[in-house]
Amino acid sequence: MSDWLIKLGFEEIKTCQTLFRQPGKIERTELPQKGSGTGSFAVISARKTFCGFGD
């Protein structure tokens, strides 16, 4: 996913994830962790600068 976003001109790509246990086995709030691949829910944040926008 990051490679695709980079090709589209996005920068500062960050990912975090949570929900590491099955829904019925979660006993307390799970804090997000950096990265992706092991959690059931991931968030991707990226920024794209538009040159000349609004001129």
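Details
- Cross-chain or 6+ apart pairs with Cβ under 9 Å, the range 9-28 first and more than 14 Å from Gly39 (Cα to Cα), then open to solvent by 80 Å² or more (accessible area, probe 1.4 Å) and part of a strand (DSSP E or B): Phe10/Arg47; Glu11/Arg47; Glu12/Arg47; Ile13/Ile44; Ile13/Arg47; Lys14/Lys34; Lys14/Ile44
- Among residues of the range 2-22, those that are part of a loop (DSSP other than H, G, I, E, B), open to solvent by less than 90 Å² (accessible area, probe 1.4 Å) and not small (Gly, Ala, Ser), counted: 4
- Residues of the range 1-35 that are at pLDDT below 90 and of a type in the set (Ser, Thr, Tyr): Ser2 alone.
- Verdict on Lys25 being open to solvent by 70 Å² or more (accessible area, probe 1.4 Å) and more than 14 Å from the chain's Cα centre (by Cα): yes
The values are calculated or read from the model by the stated rules, or taken from the named source; none is laboratory data. Keep in mind the model is a prediction, meaning the values are calculated, not measured. Note that each Cβ is placed from the backbone with ideal geometry, even for glycine, and that neighbours are counted across all protein chains shown. When the accessible area is computed, the model is the full protein with side chains, heavy atoms only, and any ligands, DNA or RNA have been set aside. Shrake-Rupley method; radii C 1.70, N 1.55, O 1.52, S 1.80 Å.
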